[in-house]
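Only the coordinates and a few stated rules stand behind these numbers; no lab work does. Everything numeric in this text was worked out from a predicted model, so none of it was measured. Every residue, glycine among them, receives a Cβ derived from its backbone with ideal geometry; neighbour counts consider all protein chains shown.
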Amino acid sequence: MNFWILAFSYWFHLLATVIWLGGLALMALVAWPAVRQGTLAGNHWLALQQRFVPWANGSLIVLLLTGFVQMTNDPNYSGFLAVDSLWAGAILVKHLAFVGMVLIGVYVQWSLYPDMDRMRLLGEKRPSLAAAEQSKLSRREMKLLRLNLVCAVVVLFFTAVATAV
């Protein structure tokens, strides 16, 4: 493969990783605790989420495309689902964690956030009815955000393993 295509693939892959994982870390380690402590208003949290979603989705697409280019050009790659080495095993676990992150993201964007929006609207008209449900949804969101961050750490660890081989 052309050197420059591979070089740009690595560069875009690293940029997408920084955006995606940096955003997840920001949300889980900085923004959410600030919301819980009352130093970041709930509407700012929502605005932050809404601004991050397109960046996260774009990063996922870039990671998928550039990862495919890199993997198929690696001398350790023996073919689809050929787990015949430590490198292939590490790549398999990395991809399973990546799929987990994608599934969590899909659930959060297409199920949890719409539920939270409905509860927010209900809270404007019937605050006492919506409060308990909003609290449960917020706890579920935080659990999923933490799980997503754990999956991200697994992806990075197994990337390091595959790189070290």
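Quick notes on this one:
- Gaussian network model of the chain, springs between alpha carbon atoms under 10 Å - residue of W20, W32, W11 with greatest fluctuation: W11
- Farthest toward the positive end of the dipole of region 117-165, out of G123, T159, L137, is the Cα of G123, where the dipole comes from beta carbon charges about the Cα centre.
- Principal-axis tilt of helix 127-164 within the chain, Cα atoms, nearest 10 degrees: 10 degrees
- Rounded Å value of the spacing that divides the Cα centres of region 5-67 and region 88-158: 14 Å
- Helix 113-125 axis versus longest C-alpha principal axis of the chain: approximately 10°, rounded to the nearest ten.
- Each helix, a run of at least 4 DSSP H residues, gives -39500 (n - 2.57); summed and divided by the residues of the chain, these come to -28000 deg cm²/dmol at 222 nm.
- Computed magnitude of the charge dipole of region 103-154 (debye, nearest 20; Cβ of K, R +1, Cβ of D, E -1): 140 debye
- Length added when fully stretched, S85-Q70, from 0.36 nm per residue minus Cα-Cα: 3.7 nm
- Across the chain, the relative contact order, built from alpha-carbon pairs under 8 Å that are at least six residues apart, equals 30 percent.
- Candidate values [x] 20.8; [y] 9.7; [z] 10.5, label of the one derived for mean projected area of the Cα convex hull in nm²: [z]
- For region 8-165, a simple Cβ point-charge model (Lys and Arg +1, Asp and Glu -1, everything else neutral) yields a dipole of about 640 debye relative to the Cα centre.
- Remark: the Cα gyration tensor places region 60-107 in the oblate category, a/c being 1.5 or greater and a/b not exceeding b/c.
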